[in-house]
1. Do you know which of the residues in segment B:167-184 that are charged (D, E, K, R) and either crowded, with 23+ Cβ neighbours inside 10 Å or under 16 Å from residue A:108 (Cα atoms) (or both) is nearest to the other protein chains (Cβ to nearest Cβ)?
2. On the given criteria, is residue C:169 within 20 Å of the chain's Cα centre (by Cα) and within 19 Å of residue B:72 (Cα to Cα)?
3. If you go through segment C:149-172 one residue at a time, do you hit one that is in contact with a Cys (Cβ under 8 Å, 6 or more places away or on another chain), among the β-branched types (Val, Ile, Thr), in contact (Cβ under 8 Å) with a residue 12 or more places away in the chain and closer than 30 Å to residue A:87 by Cβ?
4. Which ones in segment B:145-199 are of a type in the set (S, T, N, Q), touching a helix residue (DSSP H, G or I) at 6+ places or on another chain (Cβ under 7 Å) and more than 25 Å from residue B:76 (Cα to Cα)?
5. Mind listing whichever residues of segment C:43-97 are facing another protein chain (nearest Cβ under 9 Å) and small (Gly, Ala, Ser)?
6. Are any of the residues in segment B:19-35 touching a residue at least 40 places away in the same chain (Cβ under 8 Å), within 12 Å of chain C (Cβ to nearest Cβ) and under 19 Å from the mean Cα position of the chain (by Cα)?
7. Read through the list (1) surrounded by fewer than 23 Cβ atoms within 10 Å (Cβ to Cβ); (2) closer than 30 Å to residue A:149 by Cβ, then give the number of the only condition that residue B:130 fails.
8. Looking only at segment C:172-195, which residues are at the interface with another protein chain (Cβ under 7 Å from one of its Cβ atoms) and modelled with pLDDT under 85?
Amino acid sequence: MTLTRRLFAALAATTLLAAPALATELQAVRDAGTIRVGMLVDFPPFGIQDASGTPDGYDADVAKALAEHLGVEAQIVPVTGPNRIPYLLSGQVDVLVASLGITAERAERVDFSIPYAGIAIGVYGGTDVAVAGPEDLDGKSIAVARASTQDTGVTEVAPEGTEIRRFDDDATAVQALMSGQVQTIGLSNVVFSQISGVAGDRFDKKFDLSSQVQGIAVAPDSDALLEEINAFVTAAREDGRLDTIHEKWLGEPLPDFVKTDQ
Amino acid sequence: MYRFNFQPVFDNLDMLAHGAWLTVQLSSLAMAIGLVVSVLGAVAKTSGIKPLRWIVDAYVEVIRNTPFLIQIFFIFFGLPALGISMSHNTAALVALVVNVGAYGTEIIRAGIESIPQGQIEAGRALALSPVQIFRHVVLKPALRNIYPSLTSQFIYLMLTSSVVSVISATDLAAAGADLNARTFASFEIYLVLTVLYFLLALGFSTLFATLRRVFFDYPAGR
Amino acid sequence: MIREFSSADVLFILMAIRWTLILSLIAFAGGAVGGMALALARTSQARALRWISIAFIQVFQGTPLLMQLFLVYFGLAVLGLPIDPLLAAAVALTLHASAFLGEIWRGAIQAVPQGQSEAATALALSYGDRMRHVVLPQAMRTATAPTVGFLVQLIKGTSLASIIGFTELTRAGQIVNNATFQPFLVFGTVAVFYFILCWPLSLLARRMEARMRLAVTR
């Protein structure tokens, strides 16, 4: 078929143009005087937009502290869950402080710093839904945000008969839970603590999936920059700066499982 | 320079093929049920029973003047507040049927109104029953007259169905989104998805052309 | 974090209408230019031009707007341009509108009796003058109603920009819903706003169409 042949010709052409993903040089950031930080703005309390539309939250404060450490200005670029890695790899941001959970899969595409934050992920559901462990999910529906850490976690442990429903983001998955469209949800403790405020005691935790540490991500081969970021995270963990920011946004100091993780 | 990588797409062609099959099923079903809804709507609109006409008018206007995305959000997330709860794939089907039904109603109504009164009278003169008159003298020629608009509306429906993954319904676009989430080969995946949708549209239009020859291939007789 | 659906939320949604309108206007203006070019190419004597415009229209009418949005969105990165939802949505909707307007206007141009164009040629009018003074003014009469009708489709189409993260009317509704968990109320409100935007245009299109049909039968 000529179509296939043409397609392969096009493929061959694009392979010739192939070049590695864009690395970020530390010196280039210093020269520019600004660091472009990709951040989620729809992931409270890590990333939010304040009333005037400015990005704020735990990640924003960490980004500012990082910029200060580097002696540059932080220019925050809002990204979304699905597009944050493409943003980084196409060189449109220098780093991601975007609540990006450290996973082996992602580590193949980007380089992570040591953890600067962490969340615990679990399965939650209606109090009338009897689920004590992964095996009880059989025959039940569970909502997750597509491509999120909870998606991976749930997909891993859920038995064959589980109906995993993937939504674009946590917020929509929570909508599905709240409107009774799914029985359970894979969610972080952080987001759950926010919905339990309005939902009262309608939902409770069924079981833990994992605790997830988050790293600052840079494009591959940005070694000097990564080293400087690691120096920053180590210092900020030790001198209590991260504790202060965590206290401000999550009401408690940085959890131990984050602090001890290297 | 961007590095193209079609490998993830080729490695997962079966996943996309399955998604395409789901899209074919979902949209064919929506077209079939949508056709019934459209005929009923058109009959109600041309019936002369005023309250019935008002209801259908309101339905048609509301659907035609709001985006499908809002309609599907409303059906999936909003209706449970009224105790009407559907599974994701059912909600997707219902949203598509409700949507295409409104456009189809208008199209078929125009077709019915295009039938000359004399033709109906001729049917009466031949002592056909009202049902026979409706089926053979009104509906069939009406459908024939508006066949091109109706079928292009159906193809548009198939294209619109790419939105249903927002409520986690499973179709071609959802398969693509899942693949994108795993491999991040975004541009490549959406390029292939677009090509697949284009092929589906071609397939449906070929099918409709064939159906037209089967059902409506007789002299126009005007 | 979760609060009641308040008047402030309605205001927030209301304010987002301006982005729906801006996006619609950009796409309509861009689509008018692109559509005119396509319609002229489609009705021209040059076979290559006709083919290009046929292919363009086929592709953009035969693929989902959502896929077009995603392709442009991620395609910006391929071209080394910044990923910007507004830019991506504006470009994708402009291409989309070009295809549809091109097809509508092609029909209108071809509906002008051939004799008109031939008479103008006999009067030694150039292609530009023939189009400007003879064909297009007549084609415009047939084209206006479906063009207004398409504007409704375009406004509704901008709602898909929410999926690539552009905050217009639909996305504003989602944001409010995520904070209030009142989907029935929130999406109902958003639907009412769309209806208020689109319905008058639909009525206008229908009135123009009826008037035209009357003019033709007379």
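The values are calculated or read from the model by the stated rules, or taken from the named source; none is laboratory data. The structure presented is a predicted model; accordingly, all values stated were derived computationally and were not measured. Neighbour counts are summed over all protein chains in view; Cβ atoms, including those assigned to glycine, are modelled from backbone coordinates with ideal geometry.
1. B:182
2. yes
3. Yes, that holds for at least one residue.
4. B:145, B:149, B:151, B:183, B:186, B:194
5. Across segment C:43-97, the qualifying residues are C:62, C:75, C:77, C:80.
6. yes
7. (2)
8. Listed by number, the residues that qualify are C:178, C:181.
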